[in-house]
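Okay, structure first, notes after.
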Amino acid sequence: MKSVLSQSFTNFEVIVVDDGSTDGGGDWVERNYSCRPNLRVVRHDVNKGLGEARNTGLRNAQGDYLHFIDADDFILTGSYRYLLDNILPLESDVIYTSFVRNGHVGDCFENTTVSYTGNIKDYLNANSISVLIWRKIFKRNFIEKNKLHWMPISYNEDTFFTWNALRYAGTITIWRAKIYSYRTNENSIVHNRDVARIKESINDLLIVNQQLKSFKKSLTLLKKLRKQN
């Protein structure tokens, strides 16, 4: 939160989705950031999962571009300012970035030149791409035009969303600047190995695979997606 709101410009919106939290997270944000007119909290009465939380963010967003940030992570200093001045003017539908693992608040982002700007399908003919959603910044009208949304599942939700987005004939900019800090959380859903969670993950994977197979003409795109970073 602090890393986003400390940007050197304020013409952006921050939507915090309180997904039925029981620790008063939404109340804490409102108490500490009520003075920020560009921030608002949207609440779920009950926990609906990551995918539905992102769908709620989508429905409430008004900005031209969208970046989905997980609660444990943050944006590296200076990255959004550079993004605004140099990358967004390219007007790509998707901007693909990079990250550091377990960085520190206040770390400056690691910049790099744009290596590609053009058609998504042309890029994927020779390259692969990560499914991680926070490595991508999306143009909002691209998402709305193609009716993109997250499935109501807890595992592999980014796989389906990314695959579904990239199969459209949009444009992409590959800017491998390290703008995002991903924090490893051993208590997260991904690292939880109890039997119930494993069964749920298998069921969600089957749902995703069934959905993917319904788009037979685009199955070759699956080979270009990487589950890992």
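The values are calculated or read from the model by the stated rules, or taken from the named source; none is laboratory data. Given the structure is predicted, the values throughout are model-derived calculations rather than measurements. Don't worry about glycine lacking a Cβ; one is built from the backbone with ideal geometry, like all the others, and counts go over all protein chains shown. What goes into the accessible areas is simple: the full protein's heavy atoms, side chains included, and nothing from ligands, DNA or RNA. Shrake-Rupley method; radii C 1.70, N 1.55, O 1.52, S 1.80 Å.
Just a few scattered comments:
- Candidate residues His44, His104, His149, His67: accessible-area rank, largest first, probe 1.4 Å: His104, His149, His67, His44
- Ordered from highest to lowest accessible area with the whole protein assembly present and a 1.4 Å probe, Glu91, Glu144, Glu157, Glu52 read as Glu91, Glu144, Glu52, Glu157.
- The distance between label points at Glu13 and Lys147 comes to 2.3 nm (points 7 Å beyond Cα on the Cα→Cβ vector).
- Across Lys2/Lys145; Lys48/Lys178; Lys2/Lys121; Lys48/Lys145, pairs whose alpha-carbon gap is larger than 27 Å: Lys2/Lys145; Lys48/Lys178; Lys2/Lys121
- Ser21/Cys108 FRET efficiency (R0 25 Å; Cβ-Cβ; nearest 0.05): 0.20
- In this label model, Asn47 and Asn127 are separated by 3.7 nm, measuring between points 7 Å along each Cα→Cβ vector.
- Accessible area in the full protein assembly, largest first, 1.4 Å probe, for Arg43, Arg31: Arg31, Arg43
- Ile172 exposes around 0 Å² of accessible area when a 1.4 Å probe is run over every protein chain in place.
- Multiplying the residue separation of Arg40 and Arg101 by 0.36 nm and subtracting their alpha-carbon distance yields 19.2 nm.
- Ala61-Asn86 pseudo-label distance in nm [points 7 Å out on the Cα-to-Cβ vector]: 2.3
- At q = 0.23 Å⁻¹, base-10 log of I(q)/I(0) for the range 85-183 (Debye sum, equal scatterers on each alpha carbon): -1.31
- In the range 127-187, the trypsin sites (Lys or Arg not before Pro) that fall in loop regions by DSSP, at most 14 other Cβ within 10 Å: Lys147, Arg183
- Volume in Å³ per residue [convex hull over Cα atoms, computed for the range 1-157]: 137
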